[in-house]
Amino acid sequence: MGVEVRDPELERIRAVLTQVQDPEIPQLSVVDLGIVREVVRDEAGVPVVRITPTYSGCPATALIEFEIRRALDAAGFAEARIETVLSPPWTTDWITEEGRRKLKAAGIAPPAPGERRGALFARDPEVACPRCGSTDTAKVSEFGSTPCKALWRCRSCREPFEYFKCL
Amino acid sequence: METREVLFEYVLRLGDNALILGQRLCELLGWAPELEEEMALANIALDYIGQARMFLSYAGEIEGKGRDEDQLAYTRDVLDFRCALMVQQPNGDFAHTMARLFLMSAFNEQLYGWLVRSKDQRLAEIAEKALKEVRYHVRHSGEWVIRLGDGTEESHRRMQRAIEDLWLYTGELFTPDEVDQAMAAEGIGPDLAALKPAWQQKVEAVLREATLERPADGWMPTGGKDGRMHSEHLGHILSELQFLQRAYPGLRW
Ligand SMILES: [Zn+2]
């Protein structure tokens, strides 16, 4: 494990990563989503970007790695390595505050804290409508356009919206 | 067998179970009873294919003969597959699809739950990732077992029959062979028999709530996970799964 000390080159790499969009939710960067775990140096001093897949079968995983590679190369960090780590597994708790704000701005409700994960017929979490803020909302479908999102609708403003599920 | 060969066999089983169950669920694309369920099944299938990729990549590395996840999935013949008879069973009606998913996911929940503490670090990491997904599969399929079991007369009858048909294949999951025993002795895999009580408790609780009868444990076939005697279904599954690589060997994107 590398030690997080102020390292101008690593800072620049982190800045580059904040510009790499998630392919499925382009409003968010891979940093906002918590896909980038850390940027460190290995024993030989080579910069290493550690990333973690969101879902095992997420088709975007390979593309994300490709986009990060391309951004690093373009910014002159061709020697930097990308490492995939599985443990601890990715969780929506790692979506940053900035990421949650951007999700909301994009019309996607961020994961609600305290959602029960695993109980049969668990009560749905209280999800606020990303458009009008009302909590008078209802789940339409557990699954949406991507594995990480569910379909909801707002009873106040009548708009449908997507909800980023807890994992 | 050397430890490495045994480990290869063992990881191959984990990968093949996920691959074939995922492929079975993929067959339902365009056939699910409603759009919402179509999305659910596709997402669950994707989780299993993702798990298969992680296990099979690792199996290829252990084997050390340069085979990657694709070669293992697409170029092995029926007899070289190591998947349980349960995952080979056809989708049948929606009750069968959900009953199979429930019984198998509830097993995987116990198995991965144990593997998180495996002495093999890579397996532990994959299991930790997969466990989160499988818990969700248990919930989704378990809810359907209850909804249909405790539904109409017709849905009850069908779910009861599905559970009875598939119960036959639960035995193999908990029957250890020499590979399972060797892995258990190394602290890499669990003592399968010891996983059964927790699985049974979970399954029985759902069946009770679904007003379904738990079938009696009778004679149960084995032969899938060791490749000794697969069901007649596996060849048909592979003919679709492997078609492209059989017709155009080595074809890439
Ligand atoms: Zn609203």
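Evaluate the Debye formula for region A:8-90 with equal point scatterers sitting on the alpha carbons, no solvent, and hand back log10 of I(q)/I(0) at q = 0.25 Å⁻¹, in q order, two decimals.
-1.33
Across peptide B:141-154, how many C-beta atoms of other chains are within 10 Å of each residue C-beta, on average?
1
Please compute the modelled spin-label separation between A:Phe66 and B:Thr211, points set 7 Å along Cα→Cβ, answer in nm with one decimal.
About 5.3 nm, to one decimal.
Taking the number of other C-beta atoms within 10 Å as the exposure measure, put A:Lys149, B:Lys119 in order starting with the fewest.
B:Lys119, A:Lys149
Nothing charged except the Cβ atoms of Lys and Arg (+1) and of Asp and Glu (-1): what's the magnitude of the dipole of region A:8-90 about its Cα centre? Round to the nearest 20 debye.
Roughly 20 debye, rounded to the nearest 20.
Please find the FRET efficiency linking A:Thr135 to B:Met1, where r is the Cβ-Cβ separation and R0 is fixed at 51 Å, and quote it to the nearest 0.05.
0.30
In the calculated pair distance distribution of the protein assembly as shown, what percentage of Cα-Cα distances lie above 42 Å?
The answer is 17 percent, as a whole percent.
How do B:20-26, B:63-69, B:185-191 rank on mean C-beta neighbours within 10 Å, highest first?
B:20-26, B:185-191, B:63-69
Give the share of C-alpha pairs in each 5 angstrom bin for region B:148-253, from 0 to the last occupied bin, in whole percents, shortest bins first.
2, 10, 13, 15, 14, 14, 13, 10, 6, 3, 0
Counting other C-beta atoms within 10 Å, which of A:Cys157, B:Cys83 has the fewest, and how do the rest follow?
A:Cys157, B:Cys83
Compute the angle between helix B:35-63 and the longest alpha-carbon principal axis of chain B, please, reported from 0 to 90 degrees and rounded to the nearest 10.
30
What ranking do B:Met229, B:Met54, B:Met159 get, fewest neighbouring Cβ atoms within 10 angstrom at the top?
Ascending Cβ contact count within 10 Å gives the list B:Met229, B:Met54, B:Met159.
What's the center-to-center distance, using Cα atoms, between region A:22-66 and region B:203-253 in Å?
34
Angle, helix A:60-74 long axis vs. longest principal axis of chain A, Cα atoms, 0 to 90°, nearest 10?
40
Between A:Glu9 and B:Asp68, what's the calculated FRET efficiency when r is the beta-carbon distance and R0 is 30 Å? Round to 0.05.
0.35
Find the relative contact order for region A:8-90 and round it to a whole percent, using C-alpha pairs within less than 8 Å whose residues are 6+ positions apart.
Contact order relative to length: 31 percent.
Please give the FRET efficiency for B:Lys119 paired with B:Arg161, using the beta carbon to beta carbon distance and R0 = 51 Å, rounded to the nearest 0.05.
Here the calculated transfer efficiency is 0.75.
Place the peptides A:141-147, B:33-39, B:142-148 in order of packing, highest mean first, counting for every residue the other Cβ atoms within 10 Å and averaging per peptide.
Order by mean packing, descending: B:142-148, A:141-147, B:33-39.
Return the single residue from B:Phe102, B:Phe55, B:Phe243 with maximal mean-square fluctuation; model: Gaussian network over chain B, springs between Cα atoms under 10 Å.
B:Phe243
Under the definition of partner shielding as Cβ atoms of other protein chains within 10 Å of a residue Cβ, what is the mean value for peptide B:123-133?
That average works out to 4.
Express as a percent, rounded to the nearest 5, the fraction of DSSP beta bridges in chain A (both residues included) that run antiparallel.
70
Rounded to the nearest 10 degrees, what's the angle between the helix B:153-167 long axis and the longest principal axis of chain B, both from Cα atoms, 0 to 90?
30
Only bridges with both residues in the protein assembly as shown count here: give the DSSP antiparallel percent, nearest 5.
Here the share of antiparallel DSSP bridges comes out near 70 percent.
In nanometres, what is the gap between the two model label sites at B:Glu178 and A:Cys157, each 7 Å from Cα along Cα-to-Cβ?
Calculated label separation equals 6.7 nm.
Under a Cβ-only charge scheme (Lys and Arg +1, Asp and Glu -1), can you give me the dipole magnitude of the protein assembly as shown about the Cα centre, in debye to the nearest 20?
In total the dipole reaches around 940 debye.
Need one number: nm distance between label points at B:His233 and B:Glu61, each 7 Å from Cα along Cα→Cβ, rounded to one decimal.
Placing both labels 7 Å beyond Cα along the Cβ direction yields 3.2 nm.
What do you get when you divide the Cα radius of gyration of chain B by 2.2 N^0.38 Å, with N the number of residues?
Against the empirical 2.2 N^0.38 Å value, I get 0.98 for chain B.
In debye to the nearest 20, how big a dipole does chain A give about its Cα centre with +1 on each Lys and Arg Cβ and -1 on each Asp and Glu Cβ?
Computed charge dipole of chain A: roughly 720 debye.
Please give every one of the lysines within straight-line cross-link reach of B:Lys129, meaning a C-alpha to C-alpha distance under 17 Å, and leave out same-chain neighbours fewer than 8 residues apart.
Straight-distance partners of B:Lys129: A:Lys165, B:Lys119.
Laboratory data are not the source of any read-out in this text; all were calculated from the coordinates shown. For clarity, every value in this text was computed on a predicted model and none was experimentally measured. Positions of Cβ are generated from backbone atoms using ideal geometry, with glycine treated the same way; all protein chains shown enter the neighbour counts.
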